[in-house]
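Working notes, beginning with the structure itself.
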Amino acid sequence: MPPKSRGGSGGLSRRAALALIGGGGLLGISASGAFDQVGAQRPFDLAVDDDNALLGIETFGPIEVTQSDVTVDVMELHNRFPDAVFDSVSVTTDSSILSISDPLERGETLANDERLTVRGRVESDRSRTANVELTITVSGSSERIETTRTITVAVDLRGQLPEGCPVSLDISVSVGDDALGEQTSDGDLSLTNEEVDGSVTTTAGSGGSLDIRNTTITGDVIADGDISLRNATVGGDVRTREDSEGTISLENTTVGGSIVGDSDVTSRNSNVDGDLRTREDSEGAITVRGQRTTPATVVGSVVGDGDVEIIAAQIGGEVQTRSGSEGSITITNATVCRAIDADDDLTITNAEVGAVTADGDIQIKPNSTVFGTVNASNNVTLSRNATVKGDINASGDVTVDGTVEGGVFAGGTVDGSGTINGNDPRPSSENGNGGGQGR
């Protein structure tokens, strides 16, 4: 097999290396440095400049990235053992910020004088710096080598979030001295043009619904049936009780807490300072809709147990459909500051979003930007005037008519007339990047 060499700065090549414990005894390990060398069957205090050192180790730190879900070179291993052939190389990390897959593909080896570049994926939902310990194990039929190294990983996402992120609301709820106190009902309850200093609830098992209009409530709103809020302000949470199968409808309403539904939730021209979600196994769909000039806002995450539709809205957290829900996600004229994870298909139109993952097809339509990696279990279509700032990984086909600032890795075919700055599997006649590279 030909020697492995260090690749470019982008693309997932899954190469790794480092370390040594040979023949059951701990091998000498040099002090950390730009290029370390370790010899076999030598005293523990082996010097790094020993002419007979048999394993060269070069670490590529510190690793500094300005976006999440990117592939980076971590280190290089140089096999100087005259007779040893390594058929197993593994690298594990002690931090979720950096992950490394199997450096050697099935059937590959690292023979004498070959070099192996270890690559990893950096993932973080916030800016941070971490010192990551790497545990490296290299083995063959006659040698087994193990050691550790530490590398610094720094993620700076300040310039890589969609415009308008992070999202925040300043909600303060107060009522007058003549406000009503806590409101509790064993059946349906309606409130119009009222102030309530406390919570409004219907008791568990009552099946009671709430219809609230033009009303300010300092506490929570909890129902054993449906909840309808119109032109209302709620200081706390809004939720339908578990197993109530109650729906929640908001229109021109402000909620200072979170929303939890046991069935469908619809939010129109409303603002939520927490999360918005439907319970697991509720099959509850979610719709968040605003206007282009005054978008709806959810500061936290949106998590649905059915389909999720976000239109003319800004979402500060993640948007997800639960695993097993088979829920699709549609994002239109919107901003999603964090990642999107769909249990079925995902469609993005005229939107700016974080990294995206789907268990079905992904369509990224015109005037959309993905600030991260695209991962699809099926096919990916990137339209003209659409941009992906990370890689595209798909089990199926990929069509690129827009711009991919990273690389494309597909189980199926890759075509389209767009630009791929990183790994480009298309034939050279179809792209301006000098030909394709395999996965």
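The values are calculated or read from the model by the stated rules, or taken from the named source; none is laboratory data. Quick caveat: nothing in here was measured; it's all calculated off a predicted structure. Note: ideal-geometry Cβ built from the backbone for every residue, glycine included; neighbour counts use all protein chains shown.
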_Looking only at the stretch 83-102, and only at residues there that are over 23 Å from the mean Cα position of the chain (by Cα) and buried (at least 21 other Cβ atoms within 10 Å of the Cβ), the one that is nearest to Phe60 (Cα to Cα)_ = Val89
*Identify the residue in the stretch 249-285 that is part of a loop (DSSP other than H, G, I, E, B) and acidic (Asp, Glu) and, among all such residues, is nearest to Gly225 (Cα to Cα).*
Asp262
*Inspect all residues belonging to the stretch 253-268 and state whether any of them is over 27 Å from the mean Cα position of the chain (by Cα) and polar (S, T, N, Q).*
yes
*Answer yes if at least one residue in the stretch 149-167 is charged (D, E, K, R), closer than 30 Å to Leu77 by Cα and either modelled with pLDDT of 95 or more or buried (at least 17 other Cβ atoms within 10 Å of the Cβ) (or both), and no otherwise.*
yes
*From the list Val196, Val173, pick out the single residue that is buried (at least 18 other Cβ atoms within 10 Å of the Cβ) and either within 30 Å of Ile222 (Cβ to Cβ) or within 33 Å of the chain's Cα centre (by Cα) (or both).*
Val196
*Under the condition of being closer than 24 Å to Thr335 by Cβ and among the small types (Gly, Ala, Ser), which residue from the stretch 121-148 is surrounded by the most Cβ atoms within 10 Å (Cβ to Cβ)?*
Ser124
*Within the stretch 192-205, is even one residue of a type in the set (A, V, I, L, M, F, W, C) and either without any contact (Cβ under 8 Å) to a residue 24 or more places away in the chain or part of a strand (DSSP E or B) (or both)?*
yes
*Sole residue being touching a residue at least 12 places away in the same chain (Cβ under 8 Å), more than 30 Å from Asn131 (Cβ to Cβ) and of a type in the set (S, T, N, Q), chosen from Thr240, Thr152*: Thr240
_Looking for something part of a strand (DSSP E or B), surrounded by 15 or more Cβ atoms within 10 Å (Cβ to Cβ), in contact (Cβ under 8 Å) with a residue 40 or more places away in the chain and small (Gly, Ala, Ser) - is there at least one such residue anywhere in the stretch 178-190?_
no
